[in-house]
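Participant: Just dropping this structure here.
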Amino acid sequence: GSLRSQDPGPQPLELKEVFALFQTQYNRSYLNPAEYAHRLNIFAHNLARAQQQQEEDLGTAKFGVTPFSDLTEEEFSQLYGHPVAAGRAPNMDRKVGSDEWSES
Amino acid sequence: VPRTCDWRKKSGVISSVKDQKDCKCCWAMAAAGNIEALWGIKHHQSVELSVQELLDCHRCGNGCEGGFVWDAFITVLNNSGLASEKDYPYQGNVRTRKCRAKEHKKVAWIQDFIMLPDCEMNIARYLATEGPITVTINMKQLQQYQTGVIKATSSNCDPRLVDHSVLLVGFGKSRSRHSIPYWILKNSWGASWGEKGYFRLHRGSNACGITKYPLTARVTHPVKRKQQQVSCPP
């Protein structure tokens, strides 16, 4: 909330505070300062993305900090998505197994 | 088709929200959730099924690398059922994996599985009368999602590129000024994500490709005689 009400946007210190809260909430730690800086950068990008999604959404959804806020879109997709299925599922118009269901 | 339906309100149907962690097994978690729900509805018996069995006994043997819901149903058919989560617990991305289906007692099984027509009205009717089903969606909108109803467009959530399977557990309409029809979906990213592990997607616009692969197992009543019809709680 406070981030969105700011103009021209979050200052570095405030961003770091929000990121620290994120780290505490989701128990995140990073190996070295370079990794921390990298994840902070992604986090900032995701906050901006969430704000854009919020503006584009035609429903009532709220977008913001989530357990995945320190991941790039590609990392998120690689970690949680499965391969995109091309076309229709194989032979899904046919039932698998017998038409006659057994009592046993 | 009723106005609203929420299988979470029926005790013994929807199991707790799971967390797939670093294993790409949404397809197995959605399928297990589907069978658990149908078993609860048809047999009036609450079960928690082994996702690990689906992963270990996957035809390619690497269930954490992703898969499809129909793979899970084929595994259940090939193994003549599924063990309980308690007997064959979830371990996720462990190094040594071996199918241990024969070592454990089956606690639920299916007769077959089907794909529903890609029509949201039909899906709602089936959901309300038969039980929860699995769907596969484009998960692009979910990374930053917190609460509410996502109403995406095909430009910001391509319905052709579906990459995440979840369990459809109900539908309703929001109470906002412009009431928005929505689907209620159970995710597998833990209860701290979204609306206690669930999220809502707009209903009626094929949001994020929800109608592309509506799959469900079929579980029959234990005996072929008139059973008390279980309906979806509003």
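Participant: With +1 assigned to the C-beta of every Lys and Arg and -1 to the C-beta of every Asp and Glu, and no other charges, what is the dipole magnitude of the protein assembly as shown about the Cα centre in debye, to the nearest 20?
Facilitator: That gives the protein assembly as shown a dipole magnitude of about 1060 debye.
Participant: Note down the nm distance, to one decimal, between modelled labels 7 Å out along Cα→Cβ at A:LEU31 and at B:SER231.
Facilitator: 5.9 nm
Participant: Further, regarding this structure: For the stretch B:147-234, state which trypsin sites (Lys or Arg not before Pro) are in a DSSP loop and have at most 16 other beta carbons lying within 10 Å of their beta carbon.
Facilitator: B:ARG160, B:ARG175, B:ARG177, B:LYS196, B:LYS224, B:ARG225, B:LYS226
Participant: Continuing with this model, one more query. May I ask for the net charge around B:ALA83, where only other residues with Cβ less than 9 Å from the Cβ of B:ALA83 are counted and Lys, Arg are +1 while Asp, Glu are -1?
Facilitator: With Lys, Arg at +1 and Asp, Glu at -1, the net is 0.
Participant: Using 0.36 nm times the number of residues separating B:LYS86 and B:ARG177, minus their current alpha carbon distance, what extension gain do you get?
Facilitator: Working: separation 91, 0.36 × 91 = 32.76 nm, distance 4.55 nm.
Stretched out fully, the B:LYS86 to B:ARG177 stretch lengthens by 28.2 nm.
Participant: What's the extension gain from A:THR24 to A:GLN52 if we count 0.36 nm per residue and subtract their Cα-Cα distance?
Facilitator: The A:THR24-A:GLN52 span can extend by a further 7.6 nm.
Participant: Could you put A:LEU40, B:LEU49 in order, starting from the residue whose Cβ has the fewest other Cβ atoms within 10 Å? All intermediate terms of the calculation are to be shown ahead of the outcome.
Facilitator: Working: A:LEU40 20, B:LEU49 28.
Ranking A:LEU40, B:LEU49 by Cβ neighbours within 10 Å, fewest first, gives A:LEU40, B:LEU49.
Participant: Also, quick follow-up: What's the exposure ranking of A:ILE42, B:ILE150, going from fewest to most Cβ atoms within 10 Å?
Facilitator: A:ILE42, B:ILE150
Participant: A follow-up question, please. Just going by the charge dipole of the protein assembly as shown, with Lys and Arg at +1 and Asp and Glu at -1 on Cβ, which of A:PHE63, B:PHE171, B:GLN45 is farthest out on the positive end?
Facilitator: Towards the positive end, the residue furthest out is B:GLN45.
Participant: Arrange A:SER77, B:SER50 by Cβ neighbour counts within 10 Å, fewest through most, would you?
Facilitator: On the way: A:SER77 17, B:SER50 26.
Listing A:SER77, B:SER50 from fewest to most nearby Cβ atoms yields A:SER77, B:SER50.
Participant: Please identify which residues in the stretch B:26-57 have an amide N closer than 12 Å to a label point set 7 Å out from the Cα of B:TRP109, following the Cα→Cβ vector.
Facilitator: none
Participant: Which parts of the stretch A:39-71 would a label at B:SER155 reach, counting a residue when its backbone N lies under 16 Å from a point 7 Å out along Cα-to-Cβ?
Facilitator: A:52-59
Participant: In nanometres, what is the gap between the two model label sites at A:GLU17 and B:CYS119, each 7 Å from Cα along Cα-to-Cβ?
Facilitator: Between A:GLU17 and B:CYS119, the simple spin-label model gives 5.6 nm.
Participant: Which entries of B:LYS98/B:LYS186; B:LYS98/B:LYS140; B:LYS140/B:LYS212 have Cα-Cα distances beyond 25 Å here?
Facilitator: B:LYS98/B:LYS186; B:LYS98/B:LYS140
Participant: Take peptide A:70-81, look around each residue's Cβ out to 10 angstrom, count Cβ atoms belonging to other protein chains, and average those counts.
Facilitator: 4
Participant: In whole angstrom, note down how far apart the Cα centers of the stretch B:160-234 and the stretch B:1-44 are.
Facilitator: Answer, in whole Å: 9.
Participant: Separate question: Normalising by the residue count of chain B, find the relative contact order in percent from Cα pairs under 8 Å and 6+ residues apart. Show your work: numbers first, answer last.
Facilitator: On the way: 538 pairs, mean separation 65.4, N = 234.
Relative CO of chain B lands at 28 percent.
Participant: Then there's this: Sum -39500 (n - 2.57) across every DSSP H segment of at least 4 residues in the protein assembly as shown, then divide by the residue count to get the 222 nm mean residue ellipticity, nearest 500. Display every interim value, and only then the final one.
Facilitator: Details: 8 runs with 94 residues, N = 338.
It lands at -8500 deg cm²/dmol.
Participant: Per-residue Cβ counts within 10 Å, from other chains only, averaged over B:132-144: what number is that?
Facilitator: On the way: counts 0, 0, 0, 0, 4, 0, 2, 5, 5, 5, 6, 16, 18.
Shielding by partners across B:132-144 averages 5.
Computed from the coordinates by the stated procedures, all read-outs in this text should not be read as laboratory data. All figures in this text were calculated on a predicted structure; none of them were measured in a lab. Neighbour counts are summed over all protein chains in view; Cβ atoms, including those assigned to glycine, are modelled from backbone coordinates with ideal geometry.
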